[in-house]
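Here, each number is a calculation from the coordinates, and none is a lab measurement. Because the structure is a prediction, the values reported are computed rather than measured. Using ideal geometry, Cβ is built from the backbone for each residue, glycine included, and neighbour counts are taken over all protein chains shown.
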Amino acid sequence: MRMKIPYFQVDAFTKRRFGGNPAGVCLLQKWLPDAVLQNMAMEHNLSETAFLVRGASRWDLRWFTPQMEVDLCGHATLASAFVIFNCLKHAGKSLHFNSRSGLLPVARQRDLLMLDFPSRTATPSSAPKALVAGLLRRPGEVYKARDYMAVYEAEEDIVALDPDMSSLMKVDSLGVIATAPGKKCDFVSRFFAPRAGVPEDPVTGSAHCTLIPYWSKRLNKRKLHALQLSKRGGELFCQDRGERVQIGGRAVLHLRGHIIL
């Protein structure tokens, strides 16, 4: 007998259709083999597909790019919470996910969904040759956490980046964050992860686990407004809470249906 899996596609970190970062959300009765999950994510060809299994009081959550499983993903977590609150009609003001990065609470605040994620403070680093060759523009500062973070002087520097993905493939990290002060917000960024099968991610919640503590300290403020300057664009409402960060955003449902296996 064929299996019908409820499937949703949600544009995350945006309030406009066709903006933000599209994520797939699959509701499973039980976990399928990893190879099946990976093939499904490859078939969807989105930067992330989220897979959910409902528990007694929490949801188990995993994320796959077209090429690999990852340990943390912001926009697909936001998309998953949006589906649970808006499509499954979850009545509470909060919910919790079990994940490879521990317990991830999500709270609903009017039209915003606030993710509670672990902080990933970066440390100063030298600039790898592949990083400079890939970005084609030397940053003023470089830091390293899960990802390398290249800091530039101005928003125009971030907009002007046209990376050489073949060089960035050689950088020893999941991805590369490029960031600078913003004109109409506190900071801007872009995120490149060709090693994960995502040349440029439209909006990257997990990168803000590193961006938020950096900009909070530099600007001496806890609450921050951020824009990700991909072609689709994204808006994030952030707060530094020490060992945790809050990453808030809106979302829009694009489609719903079933996957047939």
**Request:** State the number of lysine pairs found in the chain whose Cα atoms come within less than 22 Å, restricting to pairs 8 or more positions apart or on distinct chains.
**Result:** 23
**Prompt:** Which GluC sites (Glu not before Pro) in the stretch 98-157 pass both tests, a DSSP loop state and at most 14 other beta-carbon atoms within 10 Å?
**Reply:** GLU153
**Request:** Under 9 Å from the Cβ of ASP111, count the other residues' Cβ atoms, weight Lys and Arg +1, Asp and Glu -1, and hand me the total.
**Result:** +4
**Asked** Given Cα pairs under 8 Å that are at least 6 residues apart, what percent is the relative contact order of the stretch 123-247?
**Response** 18
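Tell me, LYS144, LYS183 in order of fewest to most beta-carbon neighbours within 10 Å?
The fewest-first ordering by Cβ neighbours comes to LYS183, LYS144.
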**Request:** Round to a whole angstrom and tell me the spacing of the C-alpha centers of the stretch 213-261 and the stretch 48-63.
**Result:** 20
**Request:** Just flag the chymotrypsin sites (Phe, Trp or Tyr not before Pro) in the stretch 1-57 sitting in loop per DSSP whose Cβ has no more than 15 other Cβ atoms within 10 Å.
**Result:** PHE18, TRP31
**Coil-residue chymotrypsin sites (Phe, Trp or Tyr not before Pro) of the stretch 130-238, DSSP, other Cβ within 10 Å capped at 16** = none
**Request:** Would you look at the GNM of the chain, springs on alpha carbons closer than 10 Å, and say which of SER80, SER101, SER57 moves the most?
**Result:** SER57
**Asked** For the chain, modelled as a GNM with alpha-carbon contacts under 10 angstrom, which of GLY249, GLY74, GLY233 fluctuates the most?
**Response** GLY233
**Message:** Of all beta bridges DSSP finds with both residues in the stretch 123-247, what is the antiparallel percent, to the nearest 5?
**Reply:** 75
**Prompt:** Given a Förster distance of 25 angstrom, what is the FRET efficiency for VAL132 paired with ARG100, based on the Cβ-Cβ distance and rounded to 0.05?
**Reply:** 0.20
